[in-house]
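Remarks on the structure that follows.
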Amino acid sequence: MVAVLPSGGAKFEQARVGRRKSTPYLLLIPGLAWLTVFFLVPLFSLAQTSLMNARQPGNPDAGFLPGFNVANYSSAMQAYLEQYARSFEYAAMATVLALIIAYPLAYFIAFRSGRFKNFLLVLVVAPFFASFLIRTYAWRTILADDGFVTQFINNLGLLPDHRIIATPIAVVAGLTYNFLPFMTLPLYSSLEKIDVRLIEAAGDLYAKPFTGFRKVTVPLSLPGVVAGTLLTFIPAAGDYINAQLLGGPTDRMIGNVIDSQFIQIRDYPTAAAMSFVLLVTILVVVTVYVRRAGTEELL
Amino acid sequence: MAEQARIEDLHLVHVTKSFGTFTAVDDLSLTVPGGGFFALLGPSGCGKTTTLRMVAGLETPSEGQILLGDRDITTRRPYERSINTVFQSYALFPHLDIFENVAFGLRRQGVKGAEVEQRVNAVLELVELTALARRKPAQLSGGQQQRVAVARALVNRPDVLLLDEPLGALDLKLRRQMQIELKRIQSEVGTTFIHVTHDQEEAMTMADTIAVMNAGLIEQMGAPAEMYDLPRTAFVANFLGQSNLVHGQITGRDGADLLVRVPGGEVRLPANRAADDSGGLIIGVRPEKMRIAYKDEQNVNRVRGEVLDVSFTGVATQYTVETPWDPDRPVTVFELNDEGAPEVKAGDNVELVWEYGFTFGLDGDDDLDAGNELAAEAAEVAEAADAEDE
Ligand SMILES: Nc1ncnc2c1ncn2[C@@H]1O[C@H](COP(=O)(O)OP(=O)(O)OP(=O)(O)O)[C@@H](O)[C@H]1O
Ligand SMILES: [Mg+2]
């Protein structure tokens, strides 16, 4: 069961095996150190903060005392359940939309783009050359009330509010746009890996092109779908820029709540509690999702 | 037998395939007898895969027609043809287990539950893989994957099964074993098999009919023994086994025999084994048909020469002999190591003899080396593949 080794004496091989056993752990050290300093420690302090007591209830400016106030969680959830639910709703919509847009795009780039492949891939990541904030501001202009897009769609009678900006549509559109590359690239990479001979084999075995796509291409691209949806859904659920710049006061997401609790109201325990709930929820959603998708078998 | 007669022949009629300005298959006409084991043999790049892909429908001919029986299938989509392929790389679906891989074609054709089960199990039994039905392709050895690929195609009971160098990736021992296995499966199911290979030995052991292909054209087609006995072109003479060839001039006729002058002597051969009856002719004889004369013999062709090299190969000994035919092209002789073998060493002068009837005569305009380097190259490739597998 020993893997094939280049030739060498038995002793030499044993030494190599011994060294090889410890090598992975040594290689883990920098990563573990990084995670400890920049993830575990802040996480711990966040947990601590979320359980603090206010010095003067109702007046966060008076400061907080360490404690074990679990009620921070229930009161935060009660106050912001709406934003919390909305975050997942918007993130889910944006993820689905991104998948619908990115799949054909990635498919085209992987199978049909010929010598334009690299050029198209550069175009996919081109938005990253400008900052996230600037691009989202640009969407304010694009979706502005007197803008061409809004006027055109409104003329078709498709807008109940006669506007896009400051509506959920704008927020979901912004989220979809901003995270589209995170959906496209993993999809592309898993589609590109598919051996076209498998698709030919499906045709040879009486699968019409669409059936071949459904039975061979789609299952083999599932790892990309899972990676892409996670990379879109997770940051989208916690995002606050899109809701802030493109949404109206009634479109606030949990990210906006955390943002304003931390920065403006400075109610740290509530903000920390909300952050924790968000984190745990995402973790649970992702775990269930990955289990259901059964990607281990595909990889 | 009656059942075999019903299986239709496959006809390729003036089929041409060009990629841009390059012609991969050139005006190819071919009839594959129904129910037989047909081998398409040729050097690398001669257009074998392209031909198979056109039959499978994965490539459309630039010109010409493909007929199954009397139905024109030239423009049918792959999923509309009752033809299945065993791909060179197997192309098993990695996300499906063996059972589902084999069931794939049946399900697409709308075969239902119990029948799928029964047919898949039957074919898995045929290829002796019943125990592995629930494994994924990645968990199988190369030989097992190869058998799954055969099962996946066969389960559909196609009119024609195409095999594109299905044994190329296997080591020599497994390859021999699979050759026998495939042959057994073919005779059990009676489907027409078209087997592409560049291994002439494989083609000869397995096939009922061989077509030798070269540079997009069919050089010759026939039963293995027939083609070996009477090659029609220098390419076939060199590619299918080995031959000693020499240019000659026809000088006359004696009854049913032709007399041909070659450097250093005269050779006699039956006129019906010669491509021509006047002018130039290439005379050929297989190395094992020649022997070193140690007693006076009658009614044989002869050539004198000096032994350059003797190499012992176990069953036989190979002699390399320089003759007046062409000093740069020594003659090769295989002698079985039985009692009759004479004691000969390098430097000896010997006389080589062979029966008139073993001589063949090829078109005088052929290139003596056609197929020669290619045969060497193909052997090298096969050997390299074997070495890699070990
Ligand atoms: N899609 C294509 N575009 C251009 N040229 C091609 C294409 N497919 C095949 N060819 C060319 O056609 C010729 C025949 O190719 P083919 O694959 O049929 O060879 P082959 O006989 O199967 O060879 P091998 O034994 O190496 O598999 C080759 O010279 C190849 O380069
Ligand atoms: Mg080929």
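The values are calculated or read from the model by the stated rules, or taken from the named source; none is laboratory data. Everything numeric in this text was worked out from a predicted model, so none of it was measured. Counting neighbours? That spans all protein chains shown, and the Cβs are built from the backbone with ideal geometry, glycine included. Side chains are part of the model used for accessible areas, which takes the heavy atoms of the whole protein and leaves out ligands, DNA and RNA. Shrake-Rupley method; radii C 1.70, N 1.55, O 1.52, S 1.80 Å.
Here is how the numbers come out for the structure above:
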quantity: Test: residue in segment B:11-21 that is in a helix (DSSP H, G or I) and of a type in the set (Ser, Thr, Tyr); calculated: no
quantity: Contacts under 7 angstrom Cβ, first residue in segment B:55-67 being closer than 17 Å to B:Thr192 by Cα, partner within 15 Å of ligand 1 (Cβ to nearest atom) and among the polar types (S, T, N, Q), 6 or more apart; calculated: B:Ala56/B:Thr85
quantity: Enumeration of residues in segment A:192-207 that are more than 7 Å from every other protein chain (Cβ to nearest Cβ) and among the small types (Gly, Ala, Ser); calculated: A:Ala202
quantity: All positions within segment B:18-40 that are within 15 Å of ligand 1 (Cβ to nearest atom) and either within 11 Å of B:Ile66 (Cβ to Cβ) or at pLDDT below 90 (or both); calculated: B:Leu28, B:Leu30
quantity: Hits in segment B:96-118 - residues which are in contact with a Leu (Cβ under 6 Å, 6 or more places away or on another chain) and either β-branched (Val, Ile, Thr) or surrounded by fewer than 18 Cβ atoms within 10 Å (Cβ to Cβ) (or both); calculated: B:Ile98, B:Val116
quantity: Filtered residues of segment A:208-234 (kept if open to solvent by 50 Å² or more (accessible area, probe 1.4 Å) and away from chain B (no Cβ under 14 Å)); calculated: A:Leu231, A:Ile234
quantity: Of all residues making up segment A:253-278, the number that are open to solvent by 70 Å² or more (accessible area, probe 1.4 Å) and of a type outside the set (Phe, Trp, Tyr); calculated: 4
quantity: Test result for A:Gly238, within 11 Å of chain B (Cβ to nearest Cβ), open to solvent by less than 40 Å² (accessible area, probe 1.4 Å) and touching a Gly at 6+ places or on another chain (Cβ under 7 Å); calculated: no
quantity: Restricting segment A:237-277 to residues that are among the acidic types (Asp, Glu) and not in a loop (DSSP other than H, G, I, E, B), the residue that is nearest to A:Tyr84 (Cα to Cα); calculated: A:Asp251
quantity: Of all residues making up segment B:330-346, the number that are modelled with pLDDT of 90 or more and part of a loop (DSSP other than H, G, I, E, B); calculated: 1
quantity: Residue match in segment B:125-138 (condition: open to solvent by 40 Å² or more (accessible area, probe 1.4 Å) and within 12 Å of chain A (Cβ to nearest Cβ)); calculated: yes
quantity: Residue within segment B:84-92 that is open to solvent by 40 Å² or more (accessible area, probe 1.4 Å), away from ligand 1 (no atom under 16 Å from the Cβ) and on the phi < 0 side of the Ramachandran plot present; calculated: no
quantity: Residue count for segment B:222-242, restricted to those that are crowded, with 24+ Cβ neighbours inside 10 Å and not in a helix (DSSP H, G or I); calculated: 1
quantity: Selection from segment B:168-207 of residues that are within 16 Å of ligand 1 (Cβ to nearest atom) and outside any loop (DSSP other than H, G, I, E, B); calculated: B:Arg175, B:Ile194, B:His195, B:Val196, B:Thr197, B:Gln200, B:Glu201, B:Glu202, B:Ala203
quantity: Residues satisfying the stated conditions in segment A:96-119, i.e. closer than 30 Å to A:Ile169 by Cβ and surrounded by fewer than 16 Cβ atoms within 10 Å (Cβ to Cβ); calculated: A:Val96, A:Ile100, A:Ile101, A:Pro104, A:Phe108
quantity: Qualifying position, being buried (at least 23 other Cβ atoms within 10 Å of the Cβ), in contact (Cβ under 8 Å) with a residue 12 or more places away in the chain and more than 14 Å from the chain's Cα centre (by Cα), among B:Ala153, B:Ala215; calculated: B:Ala153
quantity: Residue ID - nearest to B:Leu126 (Cα to Cα), chosen from residues in segment B:177-200 that are among the β-branched types (Val, Ile, Thr) and within 16 Å of ligand 2 (Cβ to nearest atom); calculated: B:Ile194
quantity: Sole residue being within 16 Å of ligand 1 (Cβ to nearest atom), within 14 Å of chain A (Cβ to nearest Cβ) and basic (Lys, Arg), chosen from B:Arg53, B:Arg81; calculated: B:Arg53
quantity: Residue check, A:Leu246 within 14 Å of chain B (Cβ to nearest Cβ), in contact with a Phe, Trp or Tyr (Cβ under 9 Å, 6 or more places away or on another chain) and closer than 25 Å to A:Ala94 by Cα; calculated: no
quantity: Out of B:Leu162, B:Leu167, B:Leu174, sole residue that is at pLDDT 90 or above and either buried (at least 23 other Cβ atoms within 10 Å of the Cβ) or away from ligand 2 (no atom under 13 Å from the Cβ) (or both); calculated: B:Leu162
quantity: Scope segment B:56-78; condition closer than 22 Å to B:Arg108 by Cα, within 16 Å of ligand 1 (Cβ to nearest atom) and open to solvent by 20 Å² or more (accessible area, probe 1.4 Å); matching residues; calculated: B:Leu58, B:Glu59
quantity: Which listed residue, of B:Gly142, B:Gly168, is free of Cβ contacts under 8 Å to residues at least 40 places away in the same chain and either more than 28 Å from B:His11 (Cα to Cα) or assigned by TED's automatic domain parsing to the domain that holds B:Phe87 (or both); calculated: B:Gly142
